Amino acid sequence: MTSPATITWPEADGPRTARWRSEAAVPPPRRVVVADDRTTADSAYRLACEGTALLWNGDFQNARQLLQAVTRRLERKPRKHGETPIDAFNLHRQAQSQRARTLGMILIPLDAAYAIPLRRAPEVQQACIETYGPSTDEPSVVSLRELLGLIGAHEWRKKGVEIPALGERIHPHYGVFSPVRGEYVDLVAHTPLPSLNKAFDIGTGTGVLAALLAKRGVKKIVATDQDPRALACARENLTRLGYDQQVDVVRADLFPEGRAPLVICNPPWVPARPASPIEYAIYDSESRMLLGFLDGLAEHLSPGGEGWLIMSDFAEHLGLRTREWLLAAIEKAGLTVVGREDIRPRHPKSTDENDALHTARKAEMTSLWRLKAR
């Protein structure tokens, strides 16, 4: 078993070491200085850009203000514009990566019980337990940016996300993609079902589509995922909604055993490398999940059954994939398209003209491809 990463920083009485926590698997900073309420935003910004982390030893709320000040300085930097959509995408991802590195340089200590030993610090124990698991009885250090993400995820988990098609709320866990984009849910809610007997939901995530199929009357659903957090999240949501008798949640890389008259999948829609756990729902390096679903679909469909591939064409408008490539992959897998339902996006970025990828977002369409084995 690999030992947890550690971080070391200087103190007046000698170096200190603690466990380093990063859900994105970011390595611990090599250079660390202790900062407090006397640290200026300009100084913090300069150090962070140089790759020096600041371990905060002052008022917690002042640390939040410092993070906001560093963010504003980053936003003032001139943005590079690509000549082509794919150039714009690559520059956007590069800027996102640099932004994450810089903002991740403000660090917060946690004691052995996940309490923050700083003035005016919030209670974060439950948020940490939900993300990191039970306390290991050792102090640790985490970036303030990640810690705020934990707190936000904890609040989302408590409140849930309203799903109009369900008439209920879905409660996402940390690291599990929240169903805030309702277009794909609406497609599944309104497309005629080929059968009410059985369905497979591949890559279930929060369990929202499995719940929707159960609400629509499908008698037996097998929902799969390989992420332990997603499996726990889906089980919790389906139990809360009263669908746990209709839906079996199983760990699998794509398909469960057997066949079904309906097999649905909403894979990541951008063929690029994810940079954090939550991005696995959006970015899929070399289209691994998409191709895995297409290549295995025919042998998991009952005779006459349908596979529903729910995909945004955002990658096509970025120049990362072509429609011809997708159609060729469908044909190569021994499948044929028997129908397609389309819907325009409603998320705020689709109308934000200041977004770096606005041209592609404006043209985006989400589709439910109805596929059958040839």
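Read-outs throughout are calculated quantities, based only on the coordinates presented, and are distinct from any laboratory measurement. Worth saying up front: this structure is predicted, and the values here are computed from it rather than measured. For neighbour counting, all protein chains shown are included, and Cβ atoms are generated from backbone atoms with ideal geometry for every residue, glycine included.
Summary of values
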read-out: For the stretch 161-373, Kirkwood radius (reciprocal of mean inverse C-alpha pair distance, Å); value: 17.3
read-out: Under the Karplus curve 6.51 cos²θ - 1.76 cosθ + 1.60, θ = phi - 60°, whole-Hz ³J(HN,Hα) for the stretch 306-316, x wherever Gly or Pro sits; value: 10, x, 9, 9, 9, 9, 7, 9, 3, 4, 5
read-out: 5 angstrom amide H check on ALA223, placed H, neighbours 5+ away; value: ASP201, ASP248, VAL249, VAL250
read-out: Distant-in-sequence amide H partners of ARG216 (H built 1.01 Å from N, under 5 Å); value: none
read-out: Directionally averaged projected area (convex hull, Cα atoms, the chain), nm²; value: 20.1
read-out: Residues with amide H under 5 Å from that of ALA53, placed H, sequence gap 5 or more; value: ARG31, VAL32, VAL33
read-out: Relative packing of 329-335, 200-206, which averages over residues the other C-beta atoms within 10 Å, highest first; value: 200-206, 329-335
read-out: Descending principal axes extents, the stretch 208-328, alpha-carbon based, whole Å; value: 43, 37, 23
read-out: Dipole magnitude of the stretch 157-251 about its Cα centre (Cβ charges: Lys, Arg +1; Asp, Glu -1), debye to nearest 20; value: 200
read-out: For the chain, built as a Gaussian network whose Cα springs stay under 10 Å, the top-fluctuating residue of ALA211, ALA165, ALA199; value: ALA165
read-out: Derived scalar couplings ³J(HN,Hα) [the stretch 12-22; Karplus, 6.51 cos²θ - 1.76 cosθ + 1.60; whole Hz; x for Gly, Pro]; value: 4, 9, x, x, 10, 10, 8, 5, 9, 10, 7
read-out: Span-like helix ranges in the chain, DSSP H, alpha carbon extent 15 angstrom or more, Kyte mean at least -1.0; value: 60-75, 85-103, 144-159, 228-241
read-out: Within a Gaussian network of the chain (alpha carbon springs, distance under 10 Å), most fluctuating of VAL208, VAL270, VAL124; value: VAL124
read-out: The chain, dipole about Cα centre (Lys/Arg Cβ +1, Asp/Glu Cβ -1), debye to the nearest 20; value: 460
read-out: Most fluctuating residue given options GLY305, GLY292, GLY258, as computed from a GNM of the chain linking Cα atoms under 10 Å; value: GLY258
read-out: Neighbour-count ranking [beta-carbon atoms within 10 angstrom, fewest first] of ILE129, ILE278; value: ILE129, ILE278
